[in-house]
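Everything below concerns the one structure shown next.
The values are calculated or read from the model by the stated rules, or taken from the named source; none is laboratory data. Since we're looking at a predicted model, the values are computed, not measured. Counting neighbours? That spans all protein chains shown, and the Cβs are built from the backbone with ideal geometry, glycine included. Only protein heavy atoms, including side chains, enter the accessible area calculation; ligands, DNA and RNA are left aside. Shrake-Rupley method; radii C 1.70, N 1.55, O 1.52, S 1.80 Å.
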Amino acid sequence: MGEHTLRAFEKFNGDGHFEQLTWRYCTESTRLQLEVLLLQALVGPGYLQPLDSIIDDNKVNTRNTILACPICYEPLIWNGDAGLSVDFPPGSILKCCTCRKDYFGNETHLDLTVASGAKAYGEPRPVSTELFRFPVVSFLYERGWRQSFSPLGGFPGPEKEFEMVKDYLKPVLGGNIVDASCGSGLFSRLFAKSGLFSLVVALDFSENMLKQCNEFIKQDDNFPIENISLVRADISRLPFASGSVDAVHAGAALHCWPSPSAAVAEISRVLRPGGVFVATTYILDGPFSFFPLLRPLRQNISQISGSHIFLSERELEDLCLTCGLVGFTRVRNGRFVMISATRPN
């Protein structure tokens, strides 16, 4: 509940028992209606829209409750009929009652970035982020780009990587999974078609990558579109409620994030207790560790490109531990590394 809602509860019952005894037993739909009613009582008539204009029982979808406002992390109210799947209609609206901001869906994805809907404001992004927003890169990603990771970096290939990931995800099979920095959705589609997860969220900052993912899905007549959603979001400001996600996968993405610590901290926040984080990247160790200028060179590269070069397994383990994840494990194949860690119970 938001701060204003808590104050409304206190106004109705100063000792707090109303919130403690009633809120936990409410359905999600009832909670949403109760929040608006209490806000109206707190701020007075005329300050908020009428209840039926904010929450329409016939249109609000509460089947999927993991989505949250990327600004305040309060739950979003869905004004639409589709629910959280790839076939939601264009123009779908998600509302944040706390920030009073609307988030919109288009033909391919939901835009849940902080700056969503901004007309004049924009921010420059690092080279490593902007590169993947070019249409030609999204087109080529599964047409040779991703395949080059195997000979160049020791990546075992998508099929083998998928089997390795499934081993790590056994404790959370049947739950939901976020495929972070999903690119054109190579692994997102594998997760959805496997039937091992109740919901797959393909998440990326690149609009063109998500469009390419949507094209691949539409080309597959037998694709299970009912349990996958495409979401545009910032990895350092994930639009999910805290403790609502069962698993997060990030394939060949850690080194592309401008701040891996900010990203992994967000992943730790959204994972439920016992939730699993699995990621792949590469490490420049071994002979590279003897290069005397590698560390200062890495800093310069990071400042210019926005990408990150890892020099040891210990760095990755320390990254997870400092961000609140435990049980770090890894598998190596040359420069390729797959890591896993969990949110403590």
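What number of residues within segment 262-283 are outside any strand (DSSP E or B) and on the phi > 0 side of the Ramachandran plot? Step through it out loud before you land on a result.
Kept after step one, since they are outside any strand (DSSP E or B), are these residues of segment 262-283: 262-270.
The next check asks that each one be on the phi > 0 side of the Ramachandran plot; those that pass are none.
Qualifying residue count for the region: 0.
Name the pairs whose Cβ atoms lie under 7 Å apart, with the first residue in segment 171-189 and farther than 18 Å from PHE216 by Cα, the second in a helix (DSSP H, G or I) and of a type in the set (Asp, Glu), and 6 or more positions between them or separate chains?
Hits for this filter: zero, empty list.
For segment 39-62, indicate whether the set of residues that are modelled with pLDDT under 55, in a loop (DSSP other than H, G, I, E, B) and closer than 25 Å to ASP204 by Cβ is non-empty.
Yes; the residues of segment 39-62 include at least one that is modelled with pLDDT under 55, in a loop (DSSP other than H, G, I, E, B) and closer than 25 Å to ASP204 by Cβ.
Identify all residues within segment 178-220 that are under 24 Å from SER307 (Cβ atoms), open to solvent by 10 Å² or more (accessible area, probe 1.4 Å) and small (Gly, Ala, Ser); write none if there are none.
Hit for segment 178-220 is SER181, nothing else.
Would you pick out the residues in segment 221-235 that are in a loop (DSSP other than H, G, I, E, B), surrounded by fewer than 23 Cβ atoms within 10 Å (Cβ to Cβ) and in contact (Cβ under 8 Å) with a residue 12 or more places away in the chain? Steps first, answer last, please.
Residues of segment 221-235 in a loop (DSSP other than H, G, I, E, B): 221-224, 233, 235.
Among the residues that remain, those that are also surrounded by fewer than 23 Cβ atoms within 10 Å (Cβ to Cβ) are: 221-224.
PHE223, PRO224, listed by residue number.
SER268 - would you say it is in contact with a Cys (Cβ under 7 Å, 6 or more places away or on another chain) and either without any contact (Cβ under 8 Å) to a residue 12 or more places away in the chain or crowded, with 24+ Cβ neighbours inside 10 Å (or both)? Quick ask: steps written out before the conclusion?
Numbers: in contact with a Cys (Cβ under 7 Å, 6 or more places away or on another chain): yes; either without any contact (Cβ under 8 Å) to a residue 12 or more places away in the chain or crowded, with 24+ Cβ neighbours inside 10 Å (or both): no.
No: the conditions fail for SER268.
Which residues, taken from segment 119-152, are in a loop (DSSP other than H, G, I, E, B) and open to solvent by 50 Å² or more (accessible area, probe 1.4 Å)?
Hits for segment 119-152 are LYS119, ALA120, TYR121, GLY122, GLU123, PRO124, ARG125, PHE134.
For (1) on the phi < 0 side of the Ramachandran plot; (2) open to solvent by less than 10 Å² (accessible area, probe 1.4 Å); (3) modelled with pLDDT of 90 or more; (4) small (Gly, Ala, Ser), each residue gets a yes or a no:
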site: LEU238; (1), (2), (3), (4): yes, yes, yes, no
site: ARG295; (1), (2), (3), (4): yes, no, no, no
site: ILE309; (1), (2), (3), (4): yes, no, no, no
site: SER312; (1), (2), (3), (4): yes, no, no, yes
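For ASP221, all conditions in the list (1) at pLDDT below 95; (2) under 27 Å from ARG335 (Cβ atoms) hold save one; what is the number of the exception?
It is condition (2) that ASP221 fails.
Out of all the residues in segment 101-116, is one or more assigned to a loop (DSSP other than H, G, I, E, B), open to solvent by 50 Å² or more (accessible area, probe 1.4 Å) and farther than 21 Å from GLU215 by Cα?
Within segment 101-116 (the criterion being assigned to a loop (DSSP other than H, G, I, E, B), open to solvent by 50 Å² or more (accessible area, probe 1.4 Å) and farther than 21 Å from GLU215 by Cα), the answer is yes, since at least one residue qualifies.
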